[in-house]
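Visitor: Shown below is the structure under consideration.
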Amino acid sequence: MPATTLSRIACLASALLLTACATTEQAAPRKSAAPTLAQVMSDADAAARAGQHERALALLKAGGSSYPADKAPWLQMAQMKFDRGQYGDAIGHALEALERDPDDKVANSIVAVSGLRVSGKALADLSRQNNLNGPPRSEPQD
């Protein structure tokens with residue numbers, strides 16, 4: 001084979017290899033960087049302010065999954081549930097936050113106040129169901 005034919009084959013092979021590499025890079029899907037916790041919290045806050053509470057909760061749950069050691073998403077979910085009067089859910093989320101930071105005062109407060117509100121409602125419902133309207137002394141006896 002003449003040298004020019006060999007050179008042409010080498011050039012063609014090189015071009016094919018470069019084309020294959022370029023095609024592979026373009027075909028590979030690009031991963032988007034995961035949002036930071038600060039971004040998740042900001043997006044959830046904006047959704048909540050816009051009245052999109054379910055979207056905000058979904059963002060926070062995803063943030064809790066992406067950043068399992070951080071209490072912030074759980075604490076925010078607890079606060080949102082507390083503010084909406086969903087005390088059972090608020091307690092559950094606050095307990096998740098307390099697993100990550102047992103000394104968190106806000107989470108402890110949400111658990112305590114939510115528990116008192118649930119207990120108060122249960123006692124009021126029980127009193128109404130049993131017609132416990134007598135004097136205070138007879139109510140405990142009933």
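Visitor: Taking the condition of being open to solvent by less than 40 Å² (accessible area, probe 1.4 Å) and closer than 13 Å to P73 by Cα, how many residues in the stretch 93-128 meet it?
Guide: Of the residues in the stretch 93-128, 5 are open to solvent by less than 40 Å² (accessible area, probe 1.4 Å) and closer than 13 Å to P73 by Cα.
Visitor: I want to confirm something. Restricting to the stretch 43-80 and keeping residues that are closer than 14 Å to L98 by Cβ and of a type in the set (A, V, I, L, M, F, W, C), which single residue is surrounded by the most Cβ atoms within 10 Å (Cβ to Cβ)?
Guide: The extreme case among them is A78.
Visitor: What single numbered condition from (1) open to solvent by less than 40 Å² (accessible area, probe 1.4 Å); (2) at pLDDT 95 or above; (3) farther than 24 Å from S42 by Cβ; (4) not basic (K, R) fails to hold for L132?
Guide: For L132, the exception is condition (2).
Visitor: Sticking with this one: Could you grab me the full set of residues in the stretch 47-70 that are within 13 Å of the chain's Cα centre (by Cα) and more than 18 Å from P35 (Cβ to Cβ)?
Guide: Result: H53, E54.
Visitor: Further question: Anything in the stretch 20-42 that is open to solvent by 60 Å² or more (accessible area, probe 1.4 Å) and either under 23 Å from K81 (Cα atoms) or modelled with pLDDT of 60 or more (or both)? List them, or say none.
Guide: If the condition is that a residue be open to solvent by 60 Å² or more (accessible area, probe 1.4 Å) and either under 23 Å from K81 (Cα atoms) or modelled with pLDDT of 60 or more (or both), then S32, A33, A34, P35, T36, A38, Q39, S42 are the ones that fit.
The values are calculated or read from the model by the stated rules, or taken from the named source; none is laboratory data. This is a predicted model, so every value here is computed, not measured. Neighbour counts are summed over all protein chains in view; Cβ atoms, including those assigned to glycine, are modelled from backbone coordinates with ideal geometry. Please note that ligands, DNA and RNA were not included when accessible areas were found on the heavy atoms of the full protein model with its side chains. Shrake-Rupley method; radii C 1.70, N 1.55, O 1.52, S 1.80 Å.
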